[in-house]
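Report on one structure; see the data block that follows.
Each reported figure results from applying straightforward, stated rules to the coordinates on display, with no laboratory input. In this text, all values refer to a predicted model and were calculated from it rather than measured experimentally. We place every Cβ from the backbone using ideal geometry, glycine too, and count neighbours over all the protein chains shown.
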Amino acid sequence: MSLSRVGLIGFGTVGAAVYELIETNLWEAFEVTKVAVGNPNKARSAAIGDLLCDANELVRSSEVDVVVEVMGGESPALELIKTALTAGKRVVTANKELIAKHYDALMEFGGDLRYEAAVGAGIPVIQVLKTLARTNRIQSIQGILNGTTNYILSEMEARQAELAPILRESQELGYAEADPTSDIEGFDSMYKIAILGAIASGEQLDLTQIHREGIQEMSLQRVQEAAEHGKRLKLVATWSRESGARVVPQALPMDHPLARVDGVLNAVKIEGDFMPSLTLMGTGAGGRATASAICGDLVASAPSTMSS
Ligand code: HSE
């Protein structure tokens, strides 16, 4: 089995967890040879000190076979990924904004680009949906796709607390984006449902047409009122062939399959014409769960017997 050399762009919560997973469970097949970080002066693990290099150098390096992009954001991630693919490298990314906004272009670009971790962190929903979309006409997708907001809504009810202190906690737990307004205002869920909708329909969704509401105005009083009516507030993302995509907080009755998906869990319900209903549930945010999906892509892309 040949050793794949990994170049890691980003060494925040997710990047550090990818490094740890490779060192712990995949060291026989993968070795991190280069790491690019936004701010090299920030305290980093001593272990990566010798590996630090510029991201532009990393994506061209002859010492890198596969690039893992966990820096996030649209630019320069898009340029870096295209350069890596053009250089014949495999690329694994967790960047939902990038995939959602450039789905068609990236699929046409060619090369080995994988993005399982972009939706649902550790839940293998991309893989499952791609398979279903080949055999079914997917009719609808409904999900809780943001771990931060689901954690906040669950904890607000469980602890009778307002949003702000729980948001801080979710940031400390490594669930929130670098800019948590992406989570709270529903952008993160919007990117994720756009990716799922694109896979289901075969073409990129127009993000400007997606109705998006977040939980920035959510009060404990609203959470309590929902509970008094036997309901639970959830930030629900939906896509359907007829109506397109939307992200809206909803008070779900307790017998709804998404109502009891609590804390940092995500869940996705997919309906096809032959497969009536399939629901996947699992840890939807955090370094370790996201690293699990990223490393799943690494293993799947490896030119060895590992993927079988
Ligand atoms: N901030 C994201 C979330 C991370 O809370 O779901 C996983 O994509």
Whole-Å distance, taken between Cα centres, linking the stretch 197-222 and the stretch 235-293: 13 Å
Dimensions in Å of the chain - Rg and Dmax from alpha carbons: 19.3, 61
Under 11 Å, Cβ to Cβ, from residue 142 - net charge with Lys/Arg +1 and Asp/Glu -1: +2
For the residue pair residue 108 and residue 222, what label-to-label distance in nm results when each label sits 7 Å from Cα along the Cα-to-beta-carbon direction? 3.9 nm
Spelling it out for residue 68: with amide H atoms placed in the peptide plane at 1.01 Å from N, the residues 5 or more places away or on another chain with amide H under 5 Å from its amide H are 7, 8, 9, 92
What residue among 101, 42, 269 shows peak mean-square fluctuation when the chain is described by a Gaussian network model with Cα springs under 10 Å? 42
Unit charges on C-beta of K, R, D, E only; dipole of the stretch 26-86, Debye: 200 debye
With x for Gly and Pro, the residue-by-residue ³J(HN,Hα) of the stretch 61-69, computed from phi through the Karplus equation 6.51 cos²θ - 1.76 cosθ + 1.60 at θ = phi - 60° and given in whole Hz, is 5, 6, 9, 10, 9, 9, 9, 10, 9
If Lys and Arg each add +1 and Asp and Glu each add -1, what is the summed charge of the other residues whose beta carbon sits under 12 Å from the beta carbon of residue 104? -2
Treating only the Cβ atoms of Lys and Arg (+1) and Asp and Glu (-1) as charged, compute the dipole magnitude of the chain about its Cα centre; round to the nearest 20 debye. 480 debye
Calculate, in nm to one decimal, what residue 24 and residue 139 gain on full extension: separation in residues at 0.36 nm each, minus their alpha carbon distance. 37.3 nm
So, counting K/R as plus one and D/E as minus one, what does the shell of residues with Cβ under 13 Å around residue 121 add up to? -2
Can you check how the C-alpha radius of gyration of the stretch 125-283 compares to 2.2 N^0.38 Å, as a plain ratio? 1.02
Given the peptides 275-287, 116-128, 23-35, arrange them by the average over their residues of other C-beta atoms within 10 Å, most packed first. 116-128, 275-287, 23-35
Within the set 82/130; 89/234; 42/89, which residue pairs have Cα atoms separated by over 32 Å? 89/234
FRET efficiency, residue 299 to residue 47 (Cβ-Cβ, R0 25 Å, nearest 0.05): 0.70
